[in-house]
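Since the structure comes first, as structure tokens, the remarks are kept for the end.
Read-outs throughout are calculated quantities, based only on the coordinates presented, and are distinct from any laboratory measurement. Not measured: the values here are computed from a predicted model. Neighbour counts run over all protein chains shown; Cβ positions are idealised from the backbone, glycine included.
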Amino acid sequence: MTVVAPEGYKIQTVETLPSYLVTKLPPELELGGAPESWEVKEVGDGNLNLVFIVSGSRKTIVVKQAVPYVRAAGEGWPLPLTRAFFEFHGLVEERRFAGSTVPEAYFYDDQMALFAMEFLSPHVILRKELIAGKKFPNLAKDIGSFLAHTLFNTSDLGMDPAEKKELVQRFCVNSDLCRITEDLIFTEPFFDAPRNNWTTPQLDDTIKAIWNDAEIIQVAMKYKLKFMSEAQALLHGDLHSGSIMVTEAETKVIDPEFGFYGPMAFDIGNYIGNLFFAYYAQPGHRASEAEVEDYQAWLLGQVTETWQVFEATFRKLWTEKQVGEAYPRILYQDGTHGEALLNAAQDDFFRSLFIDTLANAGLEMHRRIIGFAGVADFKDIEDADLRAGLEKRALKLARQLMVAPESFSGFADVNAYAKQC
């Protein structure tokens, strides 16, 4: 693939960014002071983009720019610049429905594949805080609500069908980032792909057994097809604990550059899978068994509460909806059978969504342990033997979530099985 940049595209630097911003910032976005006095830092530590923090005397903003390759891999892995478009518009749509759990996006420049957004402080990446053993009283409520509002309101359940089709059209061309997901989550962990990266030699036999596990491979392919073909709702597309920033009082969801229309369970399962990573990694981060048990109990509580908040909020939105042609109001709220018919439809919907959520959580757990993009929850554990032992426990749960999700009646059952592993 050869990435063709727009005419005039230029990779920004700490030195060039202030003079560029002078011509682009909206009038109401006053940073304060002369541009040459602004403090500019490049802080991008992710896989894809340049990230700058720009501070004036009055205000600080974040500026993100796409470069024509995967930053974590270098120029040998080209990637279109359009991902900046999808991240900006993903933020706009998510904030439209999920409000303050999403940072404000200020402007987008197509020529530079660049946008500016709200600076979050003193927020910290959630994954770092989970590794540190910190608890957040509003986390499950905020993420459950975020998932319910974004997924319901961009689906045929809660959005006008013409508007939904327009959004599908806008986001369906995010094909290159979808291809990364299709490869890294659904395909490469299940064969000896060159980009895979696991704890070797400790996990070699375990990984080879997975590659020869026909049940796992069939499930992975089933859900790959669903990912590729079901335009159910506008997804964040990469909702993990590294895409969430937190304080004691606030939760913010960031980085939706993988946004596209797909199956709801993909977002929910990705997040749940990351909570289970944190759960299994705890013995590598805590000083005592009592601390491990306490924090693991909190994490399993987060799994349960997140789903409970999501389901309750989603049901309420559905019950009170005014638009959306799927399960139309005239039949389910105003029809002859009324509440009973609606409750039965919702029960069936959530049972299917629960099963699909578990399978997607299992897929996320496999890919992070076997595939290209590992997670610090495990990677930061220096003792390779300890790390591998914990990863084996996680893989045991992950397999069960994929091949037998129907065996679980709810997250109480899932959590009990997680403890057994």
Can you compute 3J(HN,Hα) from phi for each residue in the range 275-288, using the Karplus curve 6.51 cos²θ - 1.76 cosθ + 1.60 with θ = phi - 60°, rounded to whole Hz and x for Gly and Pro?
5, 5, 4, 4, 4, 6, 7, 3, x, x, 10, 9, 7, 9
Top of Ile216, Ile369, Ile268 by mean-square fluctuation, Gaussian network on the chain, Cα under 10 Å
Ile216
Full-stretch length increase - Glu250, Val173 - with 0.36 nm per residue and alpha-carbon distance subtracted
24.5 nm
Could you order the peptides 386-396, 99-109 from most to least packed, using the average number of other C-beta atoms within 10 Å per residue?
386-396, 99-109
Backbone HN-Hα couplings from phi across the range 140-155 [Karplus 6.51/-1.76/1.60, Hz, Gly and Pro as x]
4, 4, 5, 6, x, 5, 4, 4, 4, 5, 6, 6, 5, 6, 10, 9
Measuring from centroid to centroid over Cα atoms, what is the spacing of the range 260-326 and the range 110-140 in Å?
17
Given a 10 angstrom Cα cut-off, can you work out which residue in Met264, Met365, Met112 is the most mobile in a GNM of the chain?
Met112
Just from its helices, what would the mean residue ellipticity at 222 nm be for the chain, if runs of 4 or more DSSP H residues each count -39500 (n - 2.57) and the sum is divided by every residue, rounded to the nearest 500 deg cm²/dmol?
-16000 deg cm²/dmol
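Sort the following peptides by mean Cβ neighbour count (other Cβ atoms within 10 Å, averaged over residues), highest first: 290-297, 4-11, 153-160.
Top to bottom by mean Cβ count within 10 Å: 153-160, 290-297, 4-11.
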Under 18 Å from the Cα of Lys64, which lysines turn up, not counting those fewer than eight places away in the same chain?
Lys10, Lys24, Lys41, Lys252
Name the residues whose placed amide hydrogens come within less than 5 Å of the amide hydrogen of Tyr69, ignoring near sequence neighbours (fewer than 5 apart) on the same chain.
Leu79
Can you tell me which of Gly33, Gly259, Gly56 moves the most in a GNM of the chain? Springs connect C-alpha atoms under 10 Å apart.
Gly33
Mean separation of Cα contacts under 8 Å (at least 6 apart) over the residue count of the chain, i.e. the relative contact order in percent, is 17
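Express in nm, to one decimal, how much length is gained between Met221 and Asn197 on full extension, taking 0.36 nm for each residue of separation and deducting their alpha carbon distance.
Result: 6.5 nm gained on full extension.
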Going residue by residue through the range 219-224, the Karplus relation 6.51 cos²θ - 1.76 cosθ + 1.60 with θ = phi - 60° gives ³J(HN,Hα) values, rounded to whole Hz and with x marking Gly or Pro, of 5, 4, 6, 4, 7, 5
Please report, to one decimal in angstroms, the Kirkwood hydrodynamic radius of the chain built from all distinct Cα-Cα pairs.
22.5
